[in-house]
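Asker: Supplied in structure tokens, the structure appears directly below.
The values are calculated or read from the model by the stated rules, or taken from the named source; none is laboratory data. Quick caveat, the model's predicted, so the values are computed rather than measured. Note that we place each Cβ from the backbone using ideal geometry, even for glycine, and neighbour counts take in every protein chain shown. The area values use the complete protein model at the heavy-atom level, side chains included, leaving out ligands, DNA and RNA. Shrake-Rupley method; radii C 1.70, N 1.55, O 1.52, S 1.80 Å.
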Amino acid sequence: MLTPVKKDKFGKEGYVYISYGHPKYLEHAVASATTLRRYDTERPIALVCTENHKRLVKKHNLDSLFDFVFDLPEEHASIVGFKHNFYQHLYFEKNLFLDSDIAWCKDPDRLWMALDPYEFTVTGNLISDNFFGAPKSIGVLKDIIFLRRKRTLKRFGLTYLSRAQTGLMYASDYTLTKKACELAKEMLDRKSETHFQSRKKEQGRTEESCEWSLAMAMSKLNIPIYPWFQGHTSPQLDYINLLTEHDDEFEYVKCKYYCNDFVYSIRGLKTNWLKKLLIGFFSLIPGKGDYMMVTPYCLHFGWYHEKQPFYEFSDRVWKRLAEDNKIKGKSYPEAEVSDTSSNET
């Protein structure tokens, strides 16, 4: 099915997934959609995919899971290619785009209600930290010392920069969404004028980031970010093994959510002993160690070093569907598993 013109809609509210590259990413979208269907059996799910993945959808009889399957042009088969052209994929009156490495944890009805006042938004923090779009190492000190973030904002006429996290993107207004996406493209083209570095420099990453350019565009257009961290009503939280209680199927999920932003930011460190040490140290300060156990709407496996549990879950879902004869076994030969292409954030 071809991408519809902007005025043609296929429902009032609906979800949008994207799939391209290695066939295993289709399996991830299937696993994520399966968790979504635990809680929402009414709103349609659209899959936007390349021709080879479209053939796999037909081969494995996945039409029962995805209500619509739309064409993804090869030139848009990348993180930037799709998310900077999100306005071309507004199939419903209100659209919620989801990364495929997400497990749904509870009924999304209240999330839809909370997003309703927005015309276009992405999840994130109002203010970005120094690591956003910058080196994830001691190299960030150079940016801090030379005030590079401040100089970027001044050069582009911005007064603030949010930390965009595009695992969830929402849009109900075509014109505003297009304006934000087109401006984000311009920002990315001018990367040499900013302090941001290529995401490809990070270990395990093969694609450019769309997030800092969208954050700059939203700041320029005064488009509000949708708060990422909201305690019990958080739209999504990162999967961190040390801080997450769950069963194998992610039907039971509880995340340890530290109420202090700085203490909670320590979750991103790779080494568990260092995380425990730092959290324990700062928790000695009254109030810094306060936490709550929450169930977010979505559990996002966005950290590269924390993805393995989702990979294993995805494999189990696919095998279970195959055993139930709903699909035809593996979507790719085992010899292809070593493929390192990635369309994840």
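Asker: Counting residues in segment 1-136 as N, plug N into 2.2 N^0.38 Å and put the Cα Rg over that result.
Answerer: Working: Rg = 15.3 Å, N = 136, 2.2 N^0.38 = 14.2 Å.
The value comes to 1.08.
Asker: Over all directions, average the projected area of the Cα convex hull of segment 23-67 and note it in nm². Numbers along the way, then the final one.
Answerer: Working: hull surface 11.7 nm².
The orientation-averaged projected area of the Cα hull of segment 23-67 comes to 2.9 nm².
Asker: Find out how many positive minus negative residues lie around Asn125, taking Lys and Arg as positive, Asp and Glu as negative, among other residues whose Cβ is under 12 Å from that of Asn125. List each step's numbers first, then the result.
Answerer: Numbers: positive: Arg163; negative: Asp129, Glu211, Asp261.
Combined, the nearby Lys, Arg, Asp and Glu give -2.
Asker: Would you kindly derive the ³J(HN,Hα) couplings of segment 71-80 from the backbone phi angles with the Karplus curve 6.51 cos²θ - 1.76 cosθ + 1.60 (θ = phi - 60°), listing them in order in whole Hz, with x for Gly and Pro?
Answerer: Ordered by residue, 3J(HN,Hα) equals 6, 10, x, 4, 5, 9, 7, 6, 4, 5 Hz.
Asker: Where Lys and Arg each count +1 and Asp and Glu each count -1, what net charge lies around Trp112 among other residues with Cβ under 15 Å from its Cβ? Intermediate results must be reported in sequence, preceding the final value.
Answerer: Details: positive: Lys12, Arg43, Lys94, Lys106, Arg110; negative: Glu13, Asp40, Glu42, Glu93, Asp107, Asp109, Asp116, Glu119.
Here the count lands on -3.
Asker: In whole Å, what are the extents of segment 72-131 along the principal axes defined by its C-alpha atoms, from largest to smallest?
Answerer: 36, 35, 25
Asker: Give the aspartates and glutamates whose C-alpha is closer than 16 Å to that of Lys12, dropping any in the same chain fewer than 8 places away, or say none.
Answerer: The qualifying aspartates and glutamates are Asp40, Glu42, Asp67, Glu93, Asp109, Asp116, Glu119, Asp173.
Asker: With just the Cα atoms defining each centre, how far is segment 208-241 from segment 265-330? Give it in Å.
Answerer: Centre-to-centre distance over Cα atoms comes out at 18 Å.
Asker: Apply 1/(1 + (r/R0)^6) to the Cβ-Cβ distance of Arg155 and Asp71, taking R0 = 41 Å, and write down the FRET efficiency to the nearest 0.05. Intermediate results must be reported in sequence, preceding the final value.
Answerer: Details: r = 38 Å, r/R0 = 0.93.
Efficiency, rounded to the nearest 0.05: 0.60.
Asker: Right, here's the next one. Go through Lys59/Lys326; Lys191/Lys220; Lys254/Lys330; Lys83/Lys185; Lys154/Lys191; Lys150/Lys270 and tell me which ones have a Cα-Cα distance over 20 Å in this structure.
Answerer: Values: Lys59/Lys326 11 Å; Lys191/Lys220 16 Å; Lys254/Lys330 31 Å; Lys83/Lys185 10 Å; Lys154/Lys191 14 Å; Lys150/Lys270 28 Å.
Checking Cα-Cα distances, Lys254/Lys330; Lys150/Lys270 exceed 20 Å.
Asker: Apply the Kirkwood formula to segment 38-118: the hydrodynamic radius equals the inverse of the mean of 1/r over all pairs of different alpha-carbon atoms; give it in Å with one decimal. Intermediate values should be presented prior to the final figure.
Answerer: Values: mean 1/r = 0.0699 Å⁻¹.
Value: 14.3 Å, from the Cα pair sum.
Asker: Follow-up question, since we're still on this one. Per residue of segment 18-29, in order, report the coupling 6.51 cos²θ - 1.76 cosθ + 1.60 (Karplus, θ = phi - 60°) as ³J(HN,Hα) in whole Hz, putting x for Gly and Pro.
Answerer: In residue order, the calculated couplings are 10, 8, 6, x, 4, x, 4, 6, 5, 4, 5, 5 Hz.
Asker: Given R₀ = 41 Å, FRET efficiency for Asp248-Lys185 by Cβ-Cβ distance, to 0.05?
Answerer: Values: r = 41 Å, r/R0 = 1.00.
E(calc), rounded to 0.05, equals 0.50.
Asker: Quick one: pull the percent of accessible area on segment 222-264 belonging to carbon and sulfur, 1.4 Å probe, ligands and nucleic acids left out. Please report the intermediate quantities before stating the final value.
Answerer: Details: 900 of 1880 Å².
Of the solvent-accessible surface of segment 222-264, carbon and sulfur hold 48 percent.
Asker: Now a separate question. Each residue of segment 300-308 in order: what ³J(HN,Hα) in whole Hz does its phi give by Karplus 6.51 cos²θ - 1.76 cosθ + 1.60, θ = phi - 60°, with x for Gly and Pro?
Answerer: 9, 8, x, 6, 4, 7, 10, 7, 3
Asker: Tell me the per residue accessible area of segment 38-80 using a 1.4 Å probe; a whole number in Å² is fine.
Answerer: 46
Asker: So, one more: Could you look at segment 1-85 and say what percent of its accessible area is carbon and sulfur, using a 1.4 Å probe and all protein chains? Write out the running numbers ahead of the final one.
Answerer: On the way: 1770 of 3380 Å².
Exposed carbon and sulfur together represent 52 percent of the surface.
Asker: What chymotrypsin sites (Phe, Trp or Tyr not before Pro) does segment 295-327 have in DSSP loop regions with at most 16 other beta carbons within 10 Å?
Answerer: Listed in order of number, the matching sites are Trp303.
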